[in-house]
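Okay, structure first, notes after.
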Amino acid sequence: MDKKRYKVVIVSDSHGLSGLLDQIVKDNPDADLFIHCGDLEDNPLDFNRWLFVRGNNDFFPGDTMPMERTIKVGEHRIYVAHSHRVSFVNREEQLVRIARSYGCDIICFGHTHCSMIKRMHDVLLVNPGSLWSSRDGKEPSYAILYLEGMQVEAELRFESEW
């Protein structure tokens, strides 16, 4: 049984404000993994600490961002997608169904620019919001997961805390 405590930083929708990614890495030197849920709008090859998925605004020539990915971290499997390819109606239920089909217990997604952390059908959904412009009246934000064994903690970090 893996008892290491992992710290995973999740962002989405930076829309070309790539200097923020460097700042987030600098502010989280103890992080084990950095995940970007799409709409980078920059060259992903310039950010070697980050794992990316493609958002609906990612068209950088020659990039290799997949539309979705699964990542094993400790005893958890994380499904990552931008979520623009699932319907707005019942988005969360659709994401849970997809994630479960891949054996994932955590979903990280973006596109909506609305931050949230919630559990649905024993799956943790994490939308870190947007680093650029939120659409829910909250400040720009990102999320952090702490994983230890089967335990999961999640939090949002808002711009005023950066």
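The values are calculated or read from the model by the stated rules, or taken from the named source; none is laboratory data. Predicted model, so just to flag it, every value in this text is computed and none were measured. Heads up, the Cβs are rebuilt from the backbone with ideal geometry, glycines too, and the neighbour counts pull from every protein chain shown. The protein model used for the area step is the full one, side chains on, heavy atoms only, and it has no ligands, DNA or RNA in it. Shrake-Rupley method; radii C 1.70, N 1.55, O 1.52, S 1.80 Å.
At a glance:
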quantity: Search result, residues across the range 125-152 that are open to solvent by 10 Å² or more (accessible area, probe 1.4 Å) and either of a type outside the set (D, E, K, R) or touching a Leu at 6+ places or on another chain (Cβ under 7 Å) (or both); calculated: W132, S133, S134, G137, P140, Y146, M150, Q151, V152
quantity: Total residues in the range 19-48, condition open to solvent by 10 Å² or more (accessible area, probe 1.4 Å) and more than 21 Å from E155 (Cα to Cα); calculated: 9
quantity: Scope the range 68-80; condition under 16 Å from the mean Cα position of the chain (by Cα) and open to solvent by less than 60 Å² (accessible area, probe 1.4 Å); matching residues; calculated: T70, I71, V73, H76, I78, Y79, V80
quantity: Test for E155: is it touching a helix residue (DSSP H, G or I) at 6+ places or on another chain (Cβ under 8 Å), of a type outside the set (K, R) and open to solvent by 10 Å² or more (accessible area, probe 1.4 Å); calculated: no
quantity: Matching entry among P44, P61, P66, P29 (being in contact with a Ser or Thr (Cβ under 9 Å, 6 or more places away or on another chain) and free of Cβ contacts under 8 Å to residues at least 24 places away in the same chain); calculated: P44
quantity: Residue within the range 81-94 that is of a type in the set (K, R), open to solvent by less than 70 Å² (accessible area, probe 1.4 Å) and in a helix (DSSP H, G or I) present; calculated: yes
